[in-house]
2 protein chains.
Amino acid sequence: MSAQLTGFDTRPRSRVEAGQLRRLGIDTGHEHVVYLNKDSPICRSEGFGAHSRLELRVGTRRMLATLNIVQNESLGVDEVGLSESAWLALLPGAGERVVIAHAPSVDSLTSVRAKIYGQPLDEGALHGIVRDIVENRYSAIEMAAFIAAASGDHLSLEEVIWLTKAMVQTGTQLHWPQPLVVDKHCIGGLAGNRTTPIVVAIATELGLILPKTSSRAITSAAGTADTMAMLAPVDLDETQTRHVVEACGGCIVWGGAMNLAPADERLIRIERALDVDSVGQLVASVLSKKIAAGSTHVVIDVPVGPTAKVRSHAEAGVLATLLRRVASAFGLQLRVLISDGTQPIGRGVGPALEAHDVLAVLRNEPHAPIDLRERALTVAAAILELGGAANAETSLAMATTCLETGRAWQRFQSICVAQGGMRTPGKAAYQQVVPAAQQGRVTAIDNRRLSRVAKLAGAPAAPLAGLTLDAHLGETVAGGQPLFTLHAESPGELAYAMEYVSRHPCIVCVEAFS
Amino acid sequence: MSAQLTGFDTRPRSRVEAGQLRRLGIDTGHEHVVYLNKDSPICRSEGFGAHSRLELRVGTRRMLATLNIVQNESLGVDEVGLSESAWLALLPGAGERVVIAHAPSVDSLTSVRAKIYGQPLDEGALHGIVRDIVENRYSAIEMAAFIAAASGDHLSLEEVIWLTKAMVQTGTQLHWPQPLVVDKHCIGGLAGNRTTPIVVAIATELGLILPKTSSRAITSAAGTADTMAMLAPVDLDETQTRHVVEACGGCIVWGGAMNLAPADERLIRIERALDVDSVGQLVASVLSKKIAAGSTHVVIDVPVGPTAKVRSHAEAGVLATLLRRVASAFGLQLRVLISDGTQPIGRGVGPALEAHDVLAVLRNEPHAPIDLRERALTVAAAILELGGAANAETSLAMATTCLETGRAWQRFQSICVAQGGMRTPGKAAYQQVVPAAQQGRVTAIDNRRLSRVAKLAGAPAAPLAGLTLDAHLGETVAGGQPLFTLHAESPGELAYAMEYVSRHPCIVCVEAFS
């Protein structure tokens, strides 16, 4: 055990105990950081350095944090500064005292070291790691070390299963009265592609239970929850969500408040920062959320394309096999759809612009994006089959009829009302067309850069911002014809996005006829 | 390429360019951190989040930094806050403007990912990684990912050789006019054991060249440079060091200012924070420093004991083999001494207290610690043999005579004078004896906890602080007889150390006779 400084009343100790907690308002990501003055008694006496791990106790609440040392008087020697996440984790009351001690050793780090040294981990070891991650006992570098050790093909099938199980068990698990609960998921990377609201409307209208919990954007221009929030409230708690599902057979709500597989988001943030891909961690991430949400039958859409998340059919095959094997260990019925990921689906990229596409399809408007309509119908048909509501011959026709007759649109409106009331998104104040520089054919569309442009234009924080795609792969365009149109809520953001576009002429690539 | 925001003069851009650089004085370890207000134009427009990597440019100077976002008004929307290391790296002049852009991708991270996926790295890849680490292009989590991927037995012999070479090439390399330059190193973990000043005095007095560059303590109670600093100035630059070596054949200076294998310290800090051991990285760390310092013949002391760095003879054997193989690739003559690491060597632990031990041995004082004297003579004899100044039959006798006749002491004083003048360390104001609780035999001494006690008492920042060991393994002690004595410069630090001692009764373990 390391030094725990309770019951110790000499000068340095008591001064630290009486330390004023101060909310510094610094967002350090998910890593809790504690700031101490270099001349504070505890820094001087303990020889702490930056990166030291400390335990903070306020009342019965405990927290581990990484130390940063303040070299000047902006923090007093009697003050204990907290980063934003640390403050929110401790939530100290006025005048509450803090006790600082060396962080006790985190036992599960022994398992991380074992994995680094190439040893297999058992169920208990993986559970310990995930539990400590959820309880914020890992520093960012410790998370990074675990991710590096568990990437590539370093996780066996059993380890992926146990990792998935641990991620489910360390969060909330929803249970539904119905024996058959369907769900869908798309392995992202494609701009637009907002099929979920359409699929939920069709599947629930045709009798299936589809309680969809979605995420907000982490690095994309819009998550499903961001888009749905343009049409209805999505910040429902578990009780409110259950009422919606009882009334409508389904919902499209933000899952963030429900604590489903909470380890996932923490791992994803570090994985993205490292840009490390791991099929085992991806499968655990996707399936843990579905299992925690109480799904029994799940369709996974895997778009394949050079700028999508999955870049080749070989990669998609490996992913599909592991998804099926792990799902089967949990008794989860799974169907993987490998789909075309060479270009965005739909026209809009950004919360409101994607919502407009969804509305156009549901309302059967003549200019509704055909690709989004077709992709949504394909996914809906697969869900109808998997859920036993149709067979392979009838499923697509059933889904299509449901949409064309307006039944899906009625159902969607009911869901919106049940979630708190339907809304109609507006349009951004500033638009600018990006035209083709020359006549020719559209030969490539860069999904990643397109998302980046939409984010520079303000999405998702500015919900009306983003872009609309005006040309698709294989189409012939004249010089000056619009390729895509930027939407922004401020001229500054519009200019930002345009500056990026001007330096990347091949976001939508037009090749002249030879 | 990611967005680089030069030549772009709309509102948000120009405000960021005009941003006031502000030194926040926050020590974040070696990771450069830039702080921006959440409402700053660049945060809002770019959708940056905590952990984003940014490039900062001031004049022609560039730096990568990790973003932390300030949620309140303590940082203005037009201000760009810098952590202490970031400020010192950029050193902006008054009124200089900063340009902020997305960090360009760091190419060598592709090699880190390849290693994570289990692929071997070639010489160029390892050089790229080490160069980018030295140039501070890696965030802490990226360093952690590399360390995890390269730990255990994940580095082949070739990879360890190339890593060592890269660490040498990315720093200063010293060259000496003499063809034969000896050096010594101890694979640490043992408290005390301050043989270096004695060994340098004997070896140089007997004609060898031993330009010793030492480190200050990173996590121990004293480094060789801390102890030597109690006896003479050690902060010499390369020119001053060369003058000392010309005059005396050797020196004992702080190597930190000379930029020898600078990647090493950065890697070590993250390795220690992760508590990950890797024999490959240890060998690269030790040998890169010796090669960079221009040594041709090196003796490595490997103390083995349950609380030393190397805990078993099997482990020591693996380490010795890899040390020899890598050394041989560089034409370095190496001798590994496996020694007893079951207890501290000498009495003092702490800069001044170890210096007193060194002086007592050099002056042949009657109460000089015999174990330190013997260990120093053993290492000196090995160096004399390896350097061709003696053979196996004569070396120990030659070293002993050199010490006993006072020649080593004369030589040491000459070195101190050449380094800037000899000093004599004082004694700490506060002492407290830790007595045996009962009669019995000393059966174990915990090196790690002993170091911890010395640090709690104030070492190395308080240079007179630490402890002196009053009993050794196997000795019989009476109840109440001193086991060790704490030395502190303040009563608070003394109390701190005593509190720890009171909770760990078996730092020096006395077993009653049965």
Counting only residues that are at pLDDT below 95, in a helix (DSSP H, G or I) and more than 7 Å from chain B (Cβ to nearest Cβ), the stretch A:115-128 contains a total of 1
Scanning the stretch A:418-460 for residues that are touching a Cys at 6+ places or on another chain (Cβ under 9 Å) and among the β-branched types (Val, Ile, Thr) gives A:Val442, A:Thr443, A:Ile445
If we ask which residues in the stretch A:1-46 are surrounded by fewer than 22 Cβ atoms within 10 Å (Cβ to Cβ), modelled with pLDDT of 50 or more and touching a Pro at 6+ places or on another chain (Cβ under 6 Å), their number turns out to be 1
Residues satisfying the stated conditions in the stretch A:484-514, i.e. within 9 Å of A:Ala457 (Cα to Cα) and part of a loop (DSSP other than H, G, I, E, B) | A:Glu489, A:Ser490
Only one of these conditions is not met by A:Ala389: (1) within 14 Å of another protein chain (Cβ to nearest Cβ); (2) aliphatic (A, V, I, L, M); (3) closer than 26 Å to A:Thr213 by Cα. Which number is it?
-> (1)
Are any residues in the stretch B:347-401 within 18 Å of B:Lys427 (Cβ to Cβ), among the hydrophobic types (A, V, I, L, M, F, W, C) and outside any helix (DSSP H, G or I), and if so, which ones?
-> B:Val349, B:Ala368
Candidates B:Gly49, B:Gly76, filtered to the one that is facing another protein chain (nearest Cβ under 8 Å) and either modelled with pLDDT of 85 or more or surrounded by fewer than 23 Cβ atoms within 10 Å (Cβ to Cβ) (or both) = B:Gly49
Qualifying positions in the stretch B:353-407 - touching a Gly at 6+ places or on another chain (Cβ under 6 Å) and among the small types (Gly, Ala, Ser) = B:Ala389
Collect the residues in the stretch A:234-287 that are closer than 30 Å to B:Leu54 by Cβ, away from every other protein chain (no Cβ under 14 Å) and among the basic types (Lys, Arg), keeping them in residue-number order.
-> none
Is it the case that the stretch B:406-422 has a residue that's touching a residue at least 24 places away in the same chain (Cβ under 8 Å), surrounded by 16 or more Cβ atoms within 10 Å (Cβ to Cβ) and in a strand (DSSP E or B)?
-> no
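Go through B:Arg448, B:Arg423 for me and flag whichever is more than 14 Å from chain A (Cβ to nearest Cβ) and under 23 Å from B:Ser215 (Cβ atoms).
B:Arg423
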Answer residue from the stretch A:323-334, given it is buried (at least 20 other Cβ atoms within 10 Å of the Cβ) and not β-branched (Val, Ile, Thr) and is nearest to A:Val168 (Cα to Cα) among those = A:Ala327
Kindly indicate whether A:Thr60 is hydroxyl-bearing (Ser, Thr, Tyr), under 33 Å from the mean Cα position of the chain (by Cα) and within 24 Å of B:Gly25 (Cβ to Cβ).
-> no
Name the residues in the stretch A:279-322 that are in a helix (DSSP H, G or I) and among the β-branched types (Val, Ile, Thr), would you?
-> A:Val279, A:Val283, A:Val286, A:Ile291, A:Val318, A:Thr321
Which of the residues that make up the stretch A:101-112 are out of contact with any Gly (no Cβ under 7 Å at 6 or more places or on another chain) and within 13 Å of chain B (Cβ to nearest Cβ)?
-> A:Ala101, A:His102, A:Ala103, A:Ser105, A:Val106, A:Leu109, A:Thr110, A:Val112
Scan the stretch B:469-483 and give yes if some residue there is polar (S, T, N, Q), part of a loop (DSSP other than H, G, I, E, B), surrounded by 14 or more Cβ atoms within 10 Å (Cβ to Cβ) and not assigned by TED's automatic domain parsing to the domain that holds B:Arg194, otherwise no.
-> yes
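The values are calculated or read from the model by the stated rules, or taken from the named source; none is laboratory data. For clarity, every value in this text was computed on a predicted model and none was experimentally measured. In this analysis, Cβ positions are derived from the backbone assuming ideal geometry, glycine residues included, and neighbour counts consider all displayed protein chains.
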